[in-house]
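The values are calculated or read from the model by the stated rules, or taken from the named source; none is laboratory data. Since the structure is predicted, the reported quantities are computational estimates derived from the model, not experimental observations. Positions of Cβ are generated from backbone atoms using ideal geometry, with glycine treated the same way; all protein chains shown enter the neighbour counts. Side chains are part of the model used for accessible areas, which takes the heavy atoms of the whole protein and leaves out ligands, DNA and RNA. Shrake-Rupley method; radii C 1.70, N 1.55, O 1.52, S 1.80 Å.
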Amino acid sequence: MRAQSSAIERTGIAVGTAAEPTASARNRGPAPAWNPAPADRRSGTLQAALGVTAFSLTFPATAWGLEGFGPWSLVTVRCVLAAVVAGGWLLALRVPRPARRHLAGLAVVAAGVVLGFPLLTTLALRTSTTAHAAVVVGLLPLTTALFSALRTGARPSRTFWLAACAGAAAVIAFTVQQSGGALTGADAYLFAALLICAAGYTEGGRLARVMPGWQVIGWALLLCLPLSVPGALLALSYEPVHLTAHSVTGLLWVAVGSQFLGLVVWYRGMASIGIPRASQLQLAQPLLTLVWSVLLLGERLTPAAPLTAAAVLVCIALTQRARG
């Protein structure tokens, strides 16, 4: 039994070292490129793409949820529901508590992905269209890659950065044009959401190399329960609730689809192919969001949509093939 425990400890140390280089390793120069095996890359890319697809429904689902819930009620109740699902999964599989050294990282995930981004974007969507809010997602891949370079020492190639900047520029130009080119009072919420979500994605992707992705988001959700449960009770007592098919469907999707299942495959994908490369798949998210907005909310797109989609797909292909 002791020998088995020692083997596990040695394995944990080895994995932790790969995710967090020692001081001597950092002194040897930039981190090596993250180049997984072809099979791992395909699997990781597919999982990250599934996460992006789940995220692309978040803004339309939030708009549906706001038809029956107030912004504070929607955010806090979605956190509680997602935590119940995650907690049940963790309990059923008897997953041990995370190591103390991972708690700070999980707190960043909780603050950025579980609470911060949903709250700020929900507040923004009270007065902003989903097309305008997609500006946040258009900048998120580039911002996440920058956070990853600073936090983990990743050094993508110049081709990667050029393609990432070009993709971000194409998405921003399209979404600003789609919203009429006017800045709104919701922009402060949107840009703040951009920064804290990028930090949460980066920290979650780093942690997903030492624990399964579903455990990363699961423990982050549970860390938020001391805030989300009393917050939900307080919000529901002050904000009126009108249950409709749209509001209930929107709430369930953002709680289970976006807040839990989408993040499970997203973090697994980032752990497999690296945070910078996975983040660039999100360049497609604003365009997918606009498609859902047309189908679910009745919004209309301009003729520039297919041209932007083609440009973004080229940029995504370049970032996936670029070194590192």
Self-check item: Residue, most open to solvent (accessible area, probe 1.4 Å), within segment 170-185, restricted to residues that are under 20 Å from the mean Cα position of the chain (by Cα) and modelled with pLDDT of 70 or more
Solution: 172
Quiz item: Which residues, counting only those in segment 222-236, are over 17 Å from residue 122 (Cβ atoms) and either at pLDDT below 95 or touching a Gly at 6+ places or on another chain (Cβ under 8 Å) (or both)?
Solution: 222, 223, 225, 226
Self-check item: Unmet criterion (only one of (1) at pLDDT 85 or above; (2) open to solvent by 10 Å² or more (accessible area, probe 1.4 Å); (3) out of contact with any Asp or Glu (no Cβ under 8 Å at 6 or more places or on another chain)) for residue 242
Solution: (3)
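Those residues that are of a type in the set (S, T, N, Q) and more than 15 Å from the chain's Cα centre (by Cα), I need them from segment 95-121; list them, please.
Step one: of segment 95-121, the residues of a type in the set (S, T, N, Q) are 121.
None; the set is empty.
Here is a list: 247, 228. Which entry is under 30 Å from residue 295 (Cα atoms), surrounded by 16 or more Cβ atoms within 10 Å (Cβ to Cβ) and among the polar types (S, T, N, Q)?
Details: 228 fails: under 30 Å from residue 295 (Cα atoms).
After applying the criteria, what remains is 247.
Residues are listed down the side, and each one gets a yes or a no for (1) touching a helix residue (DSSP H, G or I) at 6+ places or on another chain (Cβ under 6 Å); (2) assigned to a helix (DSSP H, G or I); (3) more than 20 Å from residue 252 (Cβ to Cβ); (4) at pLDDT 90 or above:
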| residue | (1), (2), (3), (4) |
| --- | --- |
| 83 | yes, yes, no, yes |
| 87 | yes, yes, no, yes |
| 98 | yes, no, yes, yes |
| 116 | yes, yes, yes, yes |
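Hey, can you tell me all the residues within segment 24-57 that are over 15 Å from residue 264 (Cβ atoms), surrounded by 13 or more Cβ atoms within 10 Å (Cβ to Cβ) and either at pLDDT 50 or above or of a type in the set (S, T, N, Q) (or both)?
Of all residues in segment 24-57, those over 15 Å from residue 264 (Cβ atoms) come to 24-42, 45, 56-57.
Filter again for surrounded by 13 or more Cβ atoms within 10 Å (Cβ to Cβ), leaving 25, 31-36, 40-42, 45, 56-57.
The answer is 35, 36, 40, 41, 42, 45, 56, 57.
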Practice problem: Report, by residue number, each residue of segment 58-81 that is open to solvent by 10 Å² or more (accessible area, probe 1.4 Å), in a helix (DSSP H, G or I) and not hydrophobic (A, V, I, L, M, F, W, C). | Solution: 58, 71, 76, 78
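Condition test on residue 293, is it within 19 Å of residue 131 (Cβ to Cβ) and of a type in the set (Gly, Ala, Ser)? Full working, then the answer.
Working: within 19 Å of residue 131 (Cβ to Cβ): yes; of a type in the set (Gly, Ala, Ser): yes.
Criteria met by residue 293.
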Exercise. Scan 166, 133 and give me the residue that is open to solvent by less than 30 Å² (accessible area, probe 1.4 Å) and over 13 Å from residue 277 (Cα atoms).
Key: 133
Quiz item: Going by the conditions given, is residue 255 at pLDDT below 85 and either of a type in the set (Gly, Ala, Ser) or surrounded by fewer than 23 Cβ atoms within 10 Å (Cβ to Cβ) (or both)?
Solution: no
